[in-house]
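Undergrad: Before I ask anything, here is the structure I am working with.
The values are calculated or read from the model by the stated rules, or taken from the named source; none is laboratory data. As the structure is a computational prediction, the values presented were derived from the model and not from experiment. Methodologically, a virtual Cβ is constructed for each residue, glycine included, from the backbone with ideal geometry; neighbour enumeration extends over all protein chains shown. The accessibility values were calculated without ligands, DNA or RNA, using every heavy atom of the protein model including side chains. Shrake-Rupley method; radii C 1.70, N 1.55, O 1.52, S 1.80 Å.
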Amino acid sequence: MSHETVYAIASGKGGVGKTTTTVNLGTALADAGARVAIVDADLGMANLAGFVSLSPDSTTLHDVLAGDASIEDATYRLADDIVAVPSGTSLDEYAETSPEGLREAVEDLRSRFDYVLLDVGAGISHETVLPLGLADAVVLVSTPEPAAVHDTKKTVELTDRSGGEVAGLVLTRTRPDGDVSHEDLADRLEVPLLGTIPEDPAARDSVYAGTPLVVYEPDGPAAVAYRRLAADLTGLEVPVPTDDDPETADADADDGTSAVSESDTAADAATDETEEREAAHDDVSSAITEAESDP
Ligand code: ADP
Ligand code: MG
């Protein structure tokens, strides 16, 4: 399998969880020791910075695309193995950007980071389409409503037209009582189902806290599902944060909706896993530091 390192996180509709997915997938990968850059490629509706309590001093991706700054100047460290490239939020700045420069910026990041995640805007404008072709693979994000999935079809078509590849579909905000099977929804798009992220109030709370969900509530169902997605997508071993309560660590449930297992088997396996990792991973930041010092 080819090694994909630049992912576009895209959707047909806004408000479905792209930024949440970008931030948490990126943080989970960094927690596994990968060097990660997350990029706010949603040039018209930038909001990634708010998810991670970042206040860019003046330089953003807009300045880079307007030819006024280098990508290094717009790169901000979030934690040991993860940086963010925010976009500006003013419409004046937006008008000056040329999305073409995005290609160069992405290639620069690709050479310096193990993974680059592009948080792409919804819709079908030029700056939305461009990242779909620049990325090695496109991760489609949708909520499980058939209408939202239907909108995602356009993103699949646009990816094809721009010469990109679709990795598959991530369904977010899923609920146990959903009436259409998740596999069926992915089948409608003729793409693999990469994972499901359950509805979890911690997702919203984490935004108010300005902290990635996988750090804010690492044992919550959505955080666990994001770590599983990170592992499944890349093949990296993503550490399960240790906690004094092994019951909340998932061991072998087979999809994100059943993340919190109470079965004895799962709890036992989680305990083993907990013991194995205990020394190295007291918390997310020490896990990242640890991984960095032992590449
Ligand atoms: P997009 O980037 O596609 O516009 P966001 O990531 O900003 O979407 O998410 C839209 C809203 O949905 C935010 O308020 C976010 O907190 C919330 N949200 C995202 N994922 C979940 C989830 N799994 N459970 C509950 N709320 C979620
Ligand atoms: Mg967004």
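Undergrad: Roughly how many Å is it from the Cα centre of segment 62-82 to that of segment 182-220, as a whole number?
TA: 27 Å
Undergrad: Full-extension gain between Asp57 and Asp177, please, as 0.36 nm times their residue separation minus the C-alpha to C-alpha distance.
TA: Details: separation 120, 0.36 × 120 = 43.20 nm, distance 4.46 nm.
Taking Asp57 through Asp177 to full extension adds about 38.7 nm, to one decimal.
Undergrad: Compute the length gained on full extension between Glu145 and Asp205: take 0.36 nm times their separation in residues and subtract their Cα-Cα distance, giving the result in nm to one decimal.
TA: Working: separation 60, 0.36 × 60 = 21.60 nm, distance 2.31 nm.
This chain segment gains 19.3 nm when fully extended.
Undergrad: Now for a different question. Take the Cβ-Cβ distance between Glu157 and His3 as r, set R0 to 30 Å, and report the resulting FRET efficiency rounded to the nearest 0.05.
TA: Once rounded, the FRET efficiency stands at 0.70.
Undergrad: If you don't mind, there's one more thing I want to ask. Would you mind putting 138-149, 228-239 in packing order, based on average other-beta-carbon counts within 10 Å, highest first?
TA: 138-149, 228-239
Undergrad: Using a probe of 1.4 angstrom, how much of the accessible area of segment 43-201 is carbon and sulfur, in percent?
TA: Here carbon and sulfur together make up 49 percent of the probe-accessible area.
Undergrad: Residues with beta-carbon under 13 Å from that of Ala8, excluding Ala8: net charge, scoring Lys, Arg +1 and Asp, Glu -1?
TA: Working: positive: Lys18, Arg103, Arg110; negative: Glu4, Asp40, Asp42, Asp119, Glu127, Asp136, Glu165.
Counting the neighbours of Ala8, the net charge comes to -4.
Undergrad: Please find the FRET efficiency linking Glu104 to Asp184, where r is the Cβ-Cβ separation and R0 is fixed at 35 Å, and quote it to the nearest 0.05.
TA: 0.30
Undergrad: What's the extension gain from Asp232 to Ala69 if we count 0.36 nm per residue and subtract their Cα-Cα distance?
TA: Gain on stretching Asp232 to Ala69: 55.1 nm.
Undergrad: Enumerate the residues in segment 121-135 having an amide nitrogen under 13 Å from the point lying 7 Å beyond the Cα of Met45 toward its Cβ.
TA: 121-125, 128
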